[in-house]
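Undergrad: Just passing along the structure, written as structure tokens.
The values are calculated or read from the model by the stated rules, or taken from the named source; none is laboratory data. This one's a predicted model, so the numbers in the text were calculated from it and none came from an experiment. So basically every Cβ, Gly included, is an ideal-geometry build from the backbone, and we count neighbours across all protein chains shown. These accessible areas exclude ligands, DNA and RNA; they are computed on the full protein's heavy atoms, side chains included. Shrake-Rupley method; radii C 1.70, N 1.55, O 1.52, S 1.80 Å.
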Amino acid sequence: MTTNIEFGLDAPGGRAVLGAPAGCLSPERNRYLIYVAGRFDVPVRTTLADTVAQALALAVA
């Protein structure tokens, strides 16, 4: 879990992955994070398994 500000600082570094489940209880809370991810080409994944897999792929790249 991170704040919008922290994510905004980490996103440009090329080593971030955003996990934003489509069926979360408050999807409006993810709107800004998804927007920032798009601005910095951060991968957005909708499942925990996909988020972890993408993070691992970035870690070994």
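Undergrad: Can you tell me which residue in the range 34-51 is most open to solvent (accessible area, probe 1.4 Å), limited to those that are closer than 18 Å to Thr3 by Cα and in a helix (DSSP H, G or I)?
TA: Filtering first and then ranking leaves Arg39.
Undergrad: Among the residues of the range 52-61, are any part of a loop (DSSP other than H, G, I, E, B), more than 10 Å from the chain's Cα centre (by Cα) and surrounded by fewer than 12 Cβ atoms within 10 Å (Cβ to Cβ)?
TA: Yes: one or more hits.
Undergrad: Now for a separate question. Working only within the range 5-15, note down all residues that are touching a residue at least 24 places away in the same chain (Cβ under 8 Å) and open to solvent by 70 Å² or more (accessible area, probe 1.4 Å).
TA: Those that are touching a residue at least 24 places away in the same chain (Cβ under 8 Å) and open to solvent by 70 Å² or more (accessible area, probe 1.4 Å): Pro12, Arg15.
Undergrad: Any residue in the range 28-39 that is under 16 Å from Leu9 (Cα atoms) sitting within a Cβ distance under 8 Å of a residue that is open to solvent by less than 100 Å² (accessible area, probe 1.4 Å) and among the β-branched types (Val, Ile, Thr)? List the pairs, counting only those 6 or more apart or interchain.
TA: As it stands, the answer is Ile34/Val44; Val36/Val42; Ala37/Val44; Gly38/Val44, since those pairs meet every condition given.
Undergrad: It is to be established whether one or more residues within the range 16-33 are hydroxyl-bearing (Ser, Thr, Tyr) and open to solvent by 70 Å² or more (accessible area, probe 1.4 Å).
TA: Yes, the range 16-33 contains at least one residue that is hydroxyl-bearing (Ser, Thr, Tyr) and open to solvent by 70 Å² or more (accessible area, probe 1.4 Å).
Undergrad: Restrict the check to the range 9-26 and report whether at least one residue is in contact with a strand residue (DSSP E or B) (Cβ under 8 Å, 6 or more places away or on another chain) and part of a helix (DSSP H, G or I).
TA: no
Undergrad: Residues of the range 9-30 being more than 11 Å from the chain's Cα centre (by Cα) and charged (D, E, K, R), which ones?
TA: Selection gives Glu28, Arg29.
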